[in-house]
Amino acid sequence: MAEIGLRERKKRQTYQNVSDIAIGLFLEKGFDAVSVAEIAAAAGISKPTLFRYFPAKEDLVLHRFADHEDEAARVVRAARATAGAGASPVDALRRQFLDGLSREDPVTGLNDAPGVLAFHGLLYGTPSLVARAYEYQQRSEAALAGALGGTLAARLAAGQIIAVQRILAQENWRRIAAGEAVEAVRVDAVEAAEEAFGQLEAGLPWLRDMGLGNATDKTG
């Protein structure tokens with residue numbers, strides 16, 4: 001078991017190292033100006049090996065979000081496991097997003113570190129990366145829908161929740177990238193998050209039952 005753990009750690013480290021090297025090259029030269037062969041050479045691996053780790057060039061960038069792909073689903077499952085506390089899935093996700101704002105988590109867009117701003121500029125400014133990010137969001141929606149019960153109502157709810165998280169984060173990043181200070185954006189970011197998740201809570205009342213330990217998934 002220790003050997004398996006070591007192999008997994010080495011594999012994850014390789015993913016991280018190659019992704020970091022690729023992103024550095026993309027930021028320096030532009031996404032379209034850097035070839036996969038150039039990335040492989042810089043990372044000291046063969047091109048076929050690189051493709052075993054990253055099936056598409058865009059995945060080298062989106063790897064930064066790999067740990068967040070099923071995060072919303074994990075938050076909801078944890079909330080359901082402790083349903084006695086009375087927190088609905090939407091409330092659990094609201095608290096998680098607000099906590100991210102307080103920590104200036106780059107995923108919330110409320111972060112002015114030069115490297116974070118440059119990364120988001122690369123992501124949102126490259127059409128192929130935007131398209132690939134949409135596929136990532138679809139997987140996030142599918143995971144969240146499963147955590148919410150897997151029904152049509154759950155898929156509709158998941159789509160709305162993931163969209164709210166994305167739009168809130170993009171608005172925070174847009175304002176900071178335009179030159180506003182984090183502290184100036186923070187108050188509005190918290191207020192916007194409270195309002196947006198409040199609208200979700202009001203528009204998806206059946207989800208509140210899940211916070212009471214009701215295992216029966218509703219359809220609206």
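The values are calculated or read from the model by the stated rules, or taken from the named source; none is laboratory data. All figures in this text were calculated on a predicted structure; none of them were measured in a lab. Reconstructed Cβ throughout: ideal geometry from the backbone, glycine too, with neighbour counts over all protein chains shown. The protein model used for the area step is the full one, side chains on, heavy atoms only, and it has no ligands, DNA or RNA in it. Shrake-Rupley method; radii C 1.70, N 1.55, O 1.52, S 1.80 Å.
The one condition from (1) β-branched (Val, Ile, Thr); (2) in contact with a Pro (Cβ under 6 Å, 6 or more places away or on another chain); (3) without any contact (Cβ under 8 Å) to a residue 60 or more places away in the chain that VAL76 does not meet is (3). For first residues located in segment 21-40 and free of Cβ contacts under 8 Å to residues at least 60 places away in the same chain and within 13 Å of GLY121 (Cα to Cα), partners that are buried (at least 19 other Cβ atoms within 10 Å of the Cβ) and hydroxyl-bearing (Ser, Thr, Tyr) and lie 6+ apart or on another chain with Cβ distances below 6 Å do not occur. The set of residues in segment 40-57 that are farther than 19 Å from ARG132 by Cα and in a helix (DSSP H, G or I) comprises ALA40, ALA41, ALA42, ALA43, LYS47, PRO48, THR49. Exactly one residue among LEU25, LEU62 is open to solvent by less than 30 Å² (accessible area, probe 1.4 Å), over 30 Å from ALA158 (Cβ atoms) and touching a helix residue (DSSP H, G or I) at 6+ places or on another chain (Cβ under 8 Å), and that residue is LEU25.
Considering (1) closer than 18 Å to ALA78 by Cα; (2) open to solvent by 20 Å² or more (accessible area, probe 1.4 Å); (3) touching a residue at least 60 places away in the same chain (Cβ under 8 Å), the lone condition that ARG132 does not fulfil carries the number (1).
Residues in segment 138-160 that are touching a helix residue (DSSP H, G or I) at 6+ places or on another chain (Cβ under 6 Å) and either open to solvent by less than 70 Å² (accessible area, probe 1.4 Å) or modelled with pLDDT under 95 (or both): SER140, GLU141, ALA143, LEU144, ALA145, ALA147, LEU148, ALA154, ALA158, GLY159.
None of ALA163, ALA131 is in a helix (DSSP H, G or I), modelled with pLDDT of 95 or more and not β-branched (Val, Ile, Thr) except ALA163.
Taking the criterion of being open to solvent by less than 20 Å² (accessible area, probe 1.4 Å), in contact (Cβ under 8 Å) with a residue 12 or more places away in the chain and assigned to a helix (DSSP H, G or I), the residues of segment 87-100 that qualify are PRO89, VAL90, ALA92, LEU93, PHE97. Take ARG103 and decide whether it is surrounded by fewer than 13 Cβ atoms within 10 Å (Cβ to Cβ) and either among the aromatic types (Phe, Trp, Tyr) or within 23 Å of the chain's Cα centre (by Cα) (or both). Spelling it out, ARG103 is indeed surrounded by fewer than 13 Cβ atoms within 10 Å (Cβ to Cβ) and either among the aromatic types (Phe, Trp, Tyr) or within 23 Å of the chain's Cα centre (by Cα) (or both).
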